[in-house]
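Okay, here's the structure, questions in a sec.
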Amino acid sequence: MELNYDFFYDWTKKNLNINLNGYKEKQLQRRIASVMKNSGAATLEEYSRKIQKEPAVKQEFLDYITINVTDFFRNQDIFEEFEKQLVTYLSPQFSNLKIWSAACSTGAEAYSMAMILDKHAIRSAEKILATDIDETILKRAKVGKYKTHEMKNVTEIDRSRYFHEEDGVFCLTPAIKNRVQFKKHDLIADRFSSGFHAIVCRNVTIYFKNEVKEELYQKFSDSLMPGGLFFTGATEAIYNPEAYGFQKVAPFIYKKL
């Protein structure tokens, strides 16, 4: 039976305020069909009703579609290069950094940057802005509690300095949690703020159509101060960075010209 994706896209935009039209179509439809089947629904019309009535079904859909997967210091060697750029280039250039973690998921990436700022005594003009489309995942991020498997890239020194353990769960210290501000934001539909010295958006644009991806890269560029850094995911190399006013300074790290 053919699924009515046009109906579901319209329903999702109207009822969940999520615009699915910017995602790669075949990839997205495979994911929707899979998560729909998991719910026990046979059609997208039935699935939409289940999403509306059952919070667990709604959250599973949001998690599956918005790809809530992240780690502290994800792709460790690449993140170490970004830390080096923050410390040796960005911080000396600007006295107070303004940083945005876009599509932040559980907050691990934003908190990773907060730890870097703390370790190197780097001042920030305001709290690190961490945004995501999923309000439920943002609530979890604000709590700042993580399971052992989410801590694999955190050194023993950082664990002891920035976390305390409770029944196998690692809880962030208030000092690090207070350096991050979480806010709902839709990369496709919402306006971008400006004046950032660093923007981190990793492993997200791979799910979008090329024209949407290009629009996002330009919007990220426009949101950066000249000399600011844009940090992408390990599968998201920008092959024509100059088209967006960027210059590549390291693998997956670009400077706004």
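Mind listing which trypsin sites (Lys or Arg not before Pro) in the range 89-197 are in a DSSP loop and have 13 or fewer other Cβ atoms within 10 Å?
Numbers: sites: 98, 119, 123, 127, 139, 140, 142, 145, 147, 152, 159, 161, 177, 179, 183, 184, 191; in loops: 98, 123, 127, 152, 179, 191.
Here the trypsin sites (Lys or Arg not before Pro) that fit, given the DSSP loop and packing criteria, are 123, 152, 191.
What angle, in degrees between 0 and 90 and rounded to the nearest 10, separates the Cα long axis of helix 108-119 from the longest principal axis of the Cα atoms of the chain?
It works out to around 10 degrees.
For residue 123 and residue 42, compute 0.36 nm times the residue count separating them, minus their Cα-Cα distance, and round to one decimal in nm.
Values: separation 81, 0.36 × 81 = 29.16 nm, distance 5.33 nm.
Result for the pair: 23.8 nm of gain on full extension.
Additional query: Have a look at 237, 175, 198 and tell me which one the Gaussian network model of the chain (Cα, springs below 10 Å) gives the largest fluctuation.
Greatest mean-square fluctuation among the candidates belongs to 175.
Then there is this: Have a look at 214, 156, 83 and tell me which one the Gaussian network model of the chain (Cα, springs below 10 Å) gives the largest fluctuation.
156
What is the extension gain from residue 80 to residue 24, computed as 0.36 nm multiplied by their sequence separation minus the C-alpha to C-alpha distance, in nm to one decimal? Intermediate values should be presented prior to the final figure.
On the way: separation 56, 0.36 × 56 = 20.16 nm, distance 3.07 nm.
Answer, rounded to one decimal: 17.1 nm.
Could I ask something else about it? For helix 44-53, what angle does its Cα long axis make with the longest principal axis of the chain, in degrees from 0 to 90 and rounded to 10?
So the helix axis and the longest Cα principal axis differ by about 60 degrees.
Pop the C-beta distance of residue 136 and residue 87 into the FRET formula with R0 = 45 Å and round what comes out to the nearest 0.05. All intermediate terms of the calculation are to be shown ahead of the outcome.
Values: r = 34 Å, r/R0 = 0.76.
Result of the calculation: an efficiency of 0.85.
For the chain, take the longest principal axis of its alpha carbons; what is the angle in degrees between that and the long axis of helix 5-16, to the nearest 10 within 0 to 90?
Once rounded, one gets 60 degrees.
Could you tell me what percent of the DSSP beta bridges with both partners in the range 76-256 are antiparallel, to the nearest 5?
50
Determine one quarter of the surface area of the Cα convex hull of the chain, which equals its mean projected area, and express it in nm² to one decimal. Display every interim value, and only then the final one.
Numbers: hull surface 56.1 nm².
In nm², the orientation-averaged hull projection of the chain is 14.0.
No lab work stands behind these numbers, since they all come straight from the coordinates. Since the model is a prediction, treat every value here as computed from it, not as a measurement. Reconstructed Cβ throughout: ideal geometry from the backbone, glycine too, with neighbour counts over all protein chains shown.
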